[in-house]
Structures are given as structure tokens and as C-alpha cells.
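Everything on this sheet refers to the single structure shown next.
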Amino acid sequence: MNKPKIVILGAGYGGIITATRLQKTLSANEAEITLVNKNSYHYQTTWLHENAAGTLHHDRTRLDIKDVINPSKINFIQDTVTEIKPEDKKVVLTHGELNYDYLVIGLGFESETFGIKGLKEHAFSIASINAARQIREHIDYSFSKYHNTPAEKRDELLTIIVGGAGFTGIEFVGELANRVPELCKEYDIDRDLVRIVCVEAAPMVLPGFDPELVDYAVSQLEKKGVEFKIGTAIKECTEEGIIVAKGEETEEIKSATVVWAAGVRGNALVEQAGFEAMRGRVKVTKDMRVPGYDDVFIVGDSALLIDEVNNRPYPPTAQIAIQQGFNVAHNLAVLVRGKGELEEFTPDIKGTVCSLGHDDAIGVVFGKKLTGWKASFMKKVIDNRYLFVLGGPMLVLKKGKLNLL
Ligand code: FAD
Ligand code: NAD
């Protein structure tokens, strides 16, 4: 009998957990499993803001996929997915095609610019290792140019704008606030000349999060020199900087570095496949399949799940993507073996922690509010736990955050 072919697209949180769970559950003669990813490495997206600010080298954030995949169980292909053809049960890659019996899509998120003029051309986004590396190098380069640039053109080299004060924006400015003094020392620049400006359209930072914790975060970041422009929307991005609006008033802020952290969407390939999607996210069935396509599962940020308590979508998070990986691996094993029960997926949200640099954070964990070193400690424990689940204690020792305080 032919072995069923399982193809997993993307080795982000959802994809790699699905793959590593399947390799634990199924024997090599039960299924032919293929994992496709554009890079040879898996990266922890949740650390990219540190790489982008330059507070953590990107090699700490990525790991070789071959280190966690057993090649006798999983065939890893390093290639880029260009098209998903669900009617033909086929996936097109840059260098070939794959047929599947079961498909798992874990292609993650893309930056959502909401059609705002100039953002795609002139702003950075913290969306991958390569993007983060480029942001770090660009900021370094801007500082290095300062003393060699005419006085009337150099202020903007030291102005960094972060669009959005959601979790990504806040975690990034937290890292920047720690990195800027180092950069100033390196390039002989007065710290007071540097501006880190975080622009948020909503009336508060971290909209919807616990107000007491938000106040703590804002006050800690302001002490480190971060400026917040709240209730202020980015309307346009140009080569020179941004144009923002607060009510009727508009303002131009000149800046050599604009980082857009104000929204994400699912991978465009998902909607191009013909699945009904909202900003690249498919409202999946309770067992994480695409409605009408029993052979296609989606994990991670391209899946849309509604929280029945408030009738709103769950936020796209690594926490949920990891749990979905476990669920989908279980359900695939049931389908392959033709025995056992398919499980519905329900997120088990243990909490949310937002870092404010390596030594400070805010969070709600198991319903308890945390700030300062306790929250920061908890964030590192969460990160290390993930590495443990993925690759055991050796991976924690190799890549983990062992300096917990
Ligand atoms: P991703 O992690 O996005 O990975 C997708 C994978 O698919 C990547 O390996 C990519 O290279 C690959 N890929 C993409 N397109 C193709 C293609 N065409 N062909 C082949 N391969 C492809 N969530 C939390 O729960 N906690 C946090 O603390 C947290 N911090 C965050 C910090 C930052 C800076 C950011 C940006 C996000 C953070 N998130 C956090 C959200 C979290 O990172 C995402 O929800 C999570 O990464 C989604 O995982 P995923 O499995 O969908 O895919
Ligand atoms: P987000 O959508 O959560 O936040 C974007 C912010 O940008 C919002 O506050 C929004 O009001 C603002 N915004 C939108 N348009 C704007 C404009 N034109 N001008 C100024 N501000 C504008 O996006 P995110 O922060 O990238 O987070 C994406 C997902 O990743 C979320 O689900 C989040 O929970 C998750 N995440 C989690 C963590 C964590 O748990 N520590 C860290 C980072 C990201």
C-alpha cells in the first residue's frame, strides 16, 4: 500500500512543531513526510525585535532545521513555496512541485500596511531574520554617517520612528532604548540628540492590555528616552520620514529609519490558493482544517480562530501556533492510522508577557500581573520552555536564555 504523503509548508512555530511531533508519533513506514521551508533554519520570530535593535545576534535566534529533524522520518526541502493548488493536491515550489495527501500550511505572517502610501517602499518591518539584520545594520550605518553629514541633514539620521505601540512596537522600542546608549558611545554621539518616537493611532499604548501594566511600561520607556505619540496615525511614509495626523492636525517627522510594527496579516499564498480568507487568514474548522478541504490544515498566523467568549478572533501568537502544531500532528496521526479520535483545537492561553528590554517586562501569567525582573524572568522561562519542547535540554543549553535575570 502507498504511504500517505504529508507535506508541511513553513518551519515556523506551527510547522516545525507539527513536524517534530509527527516524527515522534509516526514510524517511517506509516507516512512520507516532507517539510518545506525557504531557509535552512528555523527562527524564533518572538526574538526578532532583539536582532533588529542589535541587542541579540541573529545567530542566537535561528537554529539549523536539520538539528531537530530526523532525516529517516522527514524529508526536508529548502525551497520557496510559490503556489498552493488545492484542487490538484499540489504545491509549486521555485524548484519543483510536490503532491500531497495531507497538507499543513504554516507559512506565517506578513506585514500589513493597510495601503498606507510609501510604507512598502520606505519603511522596514520586523518580519524575518533577513529583515531584522537589515534594520540593525541600517541603524548602525545611520549613526556612523552622523559626523560626516552636513548639519542641516543629520538630525534625521538619529531619529528612529516605530509605527504602532502594539506588542511588537513596544518590545522593539524597549530593546532600542537599551541599544542607543551603546551606539552613542560607539559613534561619539550625545544621547540627547537621539530620538526614538513610537507612534500609535489608538488612544493608548498596547490597546486592550491591562492599564496598570501599560502605565508601568510607558513610564519605564519614557525614563529611557522613548517619546510616545498617542492617538496619532501614520498617514504616509516618504524617503524623508513620516506624515502623521492627530485629529485635524498633521505633522511631518523627518527620520532615516521608519520601522512599521503596526499590523500583520496571514501569508498571501493562502488567499491566492482560493481559500476564503480575511487578510490572509482562513477561518478554520474546529480541527484546524480549511472548510471544504478535509486534506488541508492551517497552523499559526494564517489560521483564524474565533474566541467564543467574546466572539473576536484570537490574536496571532506563537503560543497558539505551537499548540496548534501539537493538535494537527495528533489529528494527522489519527487520519493516517484510521483509528483514534480527532481532537478539536481550543487555545489554552497561559498569559502574555511583553518585554521592555532584556531586564524588564510586563505581563499577566496565570491571571497574575507581573512587572520588572519577575516578568522578564518569566519571559525567558517561556522562551527556554519552547526550546526544550522543540529540541530537549541540549537545545536549551545551546540557544536558550540562560541568564535569567
Ligand atoms: P512564523 O513564525 O511566521 O514562520 C513562518 C515560516 O514559514 C518561516 O520559517 C518562513 O521562513 C517560512 N515561509 C514563509 N513563506 C514561505 C514560502 N513562501 N516558502 C517557504 N517558506 C516560507 N507571539 C507570542 O506568543 N509571544 C511573543 O512573545 C511574541 N513576540 C513576537 C515578537 C515579534 C517581534 C513578532 C514579529 C511577533 C511576536 N509574536 C509573539 C507573534 C509570533 O511570532 C507569531 O504569531 C508566530 O511567529 C507565528 O508562527 P507561525 O508558525 O505562523 O509562523
Ligand atoms: P498589533 O496589530 O497587535 O498592533 C499594531 C498596533 O499598531 C495597534 O496598536 C494599532 O492601533 C497600531 N496602528 C495601526 N495602524 C496604525 C497607524 N496607521 N499609525 C499608528 N499606529 C497604528 O500588531 P503587533 O504588535 O505586530 O502584534 C502582532 C501579533 O503578534 C499580535 O497578535 C500580538 O499579540 C503578537 N505579539 C505578541 C507579543 C508578546 O506576546 N510578547 C510580542 C509581539 C507580538
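The values are calculated or read from the model by the stated rules, or taken from the named source; none is laboratory data. Quick caveat: nothing in here was measured; it's all calculated off a predicted structure. For neighbour counting, all protein chains shown are included, and Cβ atoms are generated from backbone atoms with ideal geometry for every residue, glycine included. In case anyone asks, the SASA skips ligands and DNA or RNA and just uses the protein heavy atoms, side chains included. Shrake-Rupley method; radii C 1.70, N 1.55, O 1.52, S 1.80 Å.
Where residues in region 365-379 are within 15 Å of ligand 1 (Cβ to nearest atom) and open to solvent by less than 60 Å² (accessible area, probe 1.4 Å), which of them is farthest from Leu221 (Cα to Cα)?
Among residues in region 365-379 that are within 15 Å of ligand 1 (Cβ to nearest atom) and open to solvent by less than 60 Å² (accessible area, probe 1.4 Å), the one farthest from Leu221 (Cα to Cα) is Val365.
Take Thr55 and decide whether it is at pLDDT 95 or above, of a type outside the set (Gly, Ala, Ser) and within 16 Å of ligand 2 (Cβ to nearest atom).
On the way: at pLDDT 95 or above: yes; of a type outside the set (Gly, Ala, Ser): yes; within 16 Å of ligand 2 (Cβ to nearest atom): yes.
Against the criterion (at pLDDT 95 or above, of a type outside the set (Gly, Ala, Ser) and within 16 Å of ligand 2 (Cβ to nearest atom)), Thr55 qualifies.
Results for (1) within 9 Å of ligand 1 (Cβ to nearest atom); (2) more than 16 Å from the chain's Cα centre (by Cα); (3) open to solvent by less than 50 Å² (accessible area, probe 1.4 Å); (4) not hydroxyl-bearing (Ser, Thr, Tyr), shown as yes or no for each residue.
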site	(1), (2), (3), (4)
Ala28	no, yes, yes, yes
Ile33	no, yes, yes, yes
Gln44	yes, no, yes, yes
Glu50	yes, no, yes, yes
Ala53	no, no, yes, yes
Asp59	no, yes, no, yes
Asp67	no, yes, no, yes
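Among the residues of region 350-364, is there at least one that is within 30 Å of Val290 (Cβ to Cβ) and among the hydrophobic types (A, V, I, L, M, F, W, C)?
no
Residue by residue, here is whether (1) in contact with a His (Cβ under 9 Å, 6 or more places away or on another chain); (2) away from ligand 2 (no atom under 12 Å from the Cβ) holds:
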residue: Ile306; (1), (2): no, yes
residue: Val309; (1), (2): no, yes
residue: Pro315; (1), (2): no, no
residue: His330; (1), (2): no, yes
residue: Glu343; (1), (2): yes, yes
residue: Asp348; (1), (2): no, yes
residue: Gly363; (1), (2): no, no
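Restricting to region 163-183, give me the number of residues that are away from ligand 2 (no atom under 11 Å from the Cβ), over 12 Å from Val226 (Cα atoms) and open to solvent by less than 10 Å² (accessible area, probe 1.4 Å).
1
Name the helices (runs of 4 or more DSSP H) wholly within region 21-124 that hold at least 1 residues that are basic (Lys, Arg) and farther than 30 Å from Glu240 by Cα?
Numbers: elements: 48-53, 58-61, 119-122.
Hits in region 21-124: 58-61.
Being more than 10 Å from ligand 2 (Cβ to nearest atom) and open to solvent by less than 60 Å² (accessible area, probe 1.4 Å), is that true of even one residue in region 199-209? Write out each step before concluding.
Of the residues in region 199-209, the ones more than 10 Å from ligand 2 (Cβ to nearest atom) are none.
No, there is no match, as no residue in region 199-209 is more than 10 Å from ligand 2 (Cβ to nearest atom) and open to solvent by less than 60 Å² (accessible area, probe 1.4 Å).
Restricting attention to region 362-377, does a residue exist that is touching a Cys at 6+ places or on another chain (Cβ under 6 Å) and touching a residue at least 40 places away in the same chain (Cβ under 8 Å)?
Start the filter on region 362-377 by keeping residues that are touching a Cys at 6+ places or on another chain (Cβ under 6 Å), which leaves 362.
When the remaining residues are screened for being touching a residue at least 40 places away in the same chain (Cβ under 8 Å), the result is 362.
Within region 362-377 (the criterion being touching a Cys at 6+ places or on another chain (Cβ under 6 Å) and touching a residue at least 40 places away in the same chain (Cβ under 8 Å)), the answer is yes, since at least one residue qualifies.
How many of the residues making up region 293-323 are more than 8 Å from ligand 1 (Cβ to nearest atom), outside any strand (DSSP E or B) and open to solvent by less than 30 Å² (accessible area, probe 1.4 Å)?
Looking only at that region, the number is 1.
Select, from Val199, Val162, Val214, Val194, the only residue that is of a type outside the set (Asp, Glu), in the same structural domain as Ile126 (by TED's automatic domain parsing), within 16 Å of ligand 1 (Cβ to nearest atom) and at pLDDT 95 or above. Steps first, answer last, please.
Details: Val199 fails: within 16 Å of ligand 1 (Cβ to nearest atom); Val214 fails: within 16 Å of ligand 1 (Cβ to nearest atom); Val194 fails: within 16 Å of ligand 1 (Cβ to nearest atom).
Matching residue, one of Val199, Val162, Val214, Val194: Val162.
Any idea how many residues of region 159-201 are closer than 24 Å to Asp359 by Cα and in a helix (DSSP H, G or I)?
22
Only residues that are in a helix (DSSP H, G or I), within 16 Å of ligand 1 (Cβ to nearest atom) and either among the small types (Gly, Ala, Ser) or assigned by TED's automatic domain parsing to the domain that holds Arg289 (or both): list them for region 125-148, please.
Within region 125-148, the subset in a helix (DSSP H, G or I) is 129-148.
Subset that is within 16 Å of ligand 1 (Cβ to nearest atom): 129-136, 139.
Across region 125-148, the qualifying residues are Ala131, Ala132.
Would you please list the contacts, defined by Cβ atoms under 6 Å and residues six or more apart or on different chains, that run from a residue in region 321-336 that is within 8 Å of Arg21 (Cβ to Cβ) to a residue that is away from ligand 1 (no atom under 13 Å from the Cβ) and part of a helix (DSSP H, G or I)?
Taking only residues 6 or more apart or on different chains, the pairs are Phe326/Arg21; Ala329/Arg21; Ala329/Leu22.
Of these, Thr113, Thr82, which one is within 16 Å of ligand 2 (Cβ to nearest atom) and β-branched (Val, Ile, Thr)?
Details: Thr82 fails: within 16 Å of ligand 2 (Cβ to nearest atom).
Unique residue meeting the criteria: Thr113.
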